[in-house]
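A short worksheet on the structure shown next.
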Amino acid sequence: ALDAKYVVSLAGAVALALSFLYTCVVWDRIPFAATNLGVALKGMKSTLDVPFVGVCVLATTFLWTIWWICAFVGTFDFLNDDEELSNNWMCVVVVFFGFSYYWTLQVIKGISQFTVASVIGKWWDMSEEEPLPMCSSVLHATLTRNIIGSFGSICLGSLIVGPCILLTRISTFSSLARPKLNWWKTKSQPVDAAPQDGKCAREILNKNDDSCSPHANDGGVISRHVNQWSFTYVGLYGYKFWDSGSKASQLFEARGWTHVVSDDLIMTVMTMSSMIIGGTTACLGLIVEEVDGYSLTSLNEPIATAFLIGLFVGYFLSSAFLSIIEGSVSAILVCYAARPVEFHANHHKLSEEMKSAWKHFWLQKPNNGK
């Protein structure tokens, strides 16, 4: 068996290599994503409602996680002592526990994104001089609509949005990486082997632009109706879940922005941040288990269990809290596509920043309008 220190070192090296590869692929998108994120953070800072929602989401997720861990470990210990219970039934119990945690966590994140989208939509139509107090009427109305009117849509979306977005991200990343690889191959060719048909490196880099769209692959039908803007449209306009995703797709298609808004750099950074936090809390769990002598569980592998509990708690709590940023960014994109005039009138400086970043990014992709 490999020593633990070698496993950790190998995992760190692999993570560094993957991070470097991803950075190379999305390097030209960083200024564009940074501007969108900056505007989203400005909107979040305009009122204490958004941080308040984040704290409530974090506290709710923490309580749910502790409750779930206690129930899972207790059930596992109890059933593990039952000699008549087969391993197949144990697998069924584990699957059901995992499904319950995943769905409940996604519902919490969906409520978070729904609520933040409503607050950002209100901020979008307000001037910078108008204050938006904490626990405003917008927050009250949104939470009431969450519980009464749209809770079913949130529960349904929470079950299917995550896997659909993951599949879309994988296909989008491969589409982004393919033209970059073609450009690197062309750049490394000798002069005599360069293309003679007049194509420049920019043309080769952009010849697959249409495939970068989430609707240009076999999963386009799914991503058209189930996407990262579904919760945003529910929060902004109160549509049902099945209608919200398709209406968001129609909005971006009408603008010709399908390729632009398919950029998932911010969401990927949020996921990587959650992974880093999860790894840090996993190491903290090891320290607590080893140094303090505090036993986190009575299972046969206390070290591994402490590591997994720390990883589990850190990753999912941080991802729940960072969902407020994801909801804010998605709301900014939808509002900028639907109501740019109001944004320019109410937040002129931020509007000029967005225009500059979008213009620069758009000129890099001459095939977008086709």
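With R₀ fixed at 56 Å, the C-beta to C-beta distance from A11 to F151 puts the FRET efficiency at about 0.90.
The stretch between V93 and T280, if pulled fully straight at 0.36 nm per residue, gains 64.4 nm over its current Cα-Cα span.
Karplus-based coupling profile of the range 92-101, in residue order and whole Hz: 4, 4, 5, 5, 5, 5, x, 5, 5, 5, with θ = phi - 60° in 6.51 cos²θ - 1.76 cosθ + 1.60 and x standing for Gly or Pro. What FRET efficiency comes out for D243 versus M126 if R0 is 41 angstrom and r is the Cβ-Cβ distance? Round to the nearest 0.05. After rounding to 0.05, the efficiency reads 0.95.
Counted residue by residue at 0.36 nm each, then reduced by the alpha carbon distance between them, the extension gain from T23 to A304 reaches 98.0 nm.
If you add up the charges near S118, with Lys and Arg at +1 and Asp and Glu at -1, over every other residue whose beta carbon is less than 11 angstrom from its beta carbon, what do you get? Present the calculation step by step, with values, prior to reporting the outcome.
On the way: positive: K122, R145; negative: D49.
With Lys, Arg at +1 and Asp, Glu at -1, the neighbours total +1.
Across the range 333-345, coupling constants 3J(HN,Hα) worked out from phi with the 6.51/-1.76/1.60 Karplus curve, θ = phi - 60°, read 5, 5, 5, 5, 6, 8, 9, x, 5, 4, 5, 5, 6 Hz, and Gly and Pro carry x.
Any read-out appearing in this document is the output of simple, stated calculations on the displayed coordinates, not a laboratory observation. Computed from a prediction, not measured in an experiment: that's the story for all the values here. Reconstructed Cβ throughout: ideal geometry from the backbone, glycine too, with neighbour counts over all protein chains shown.
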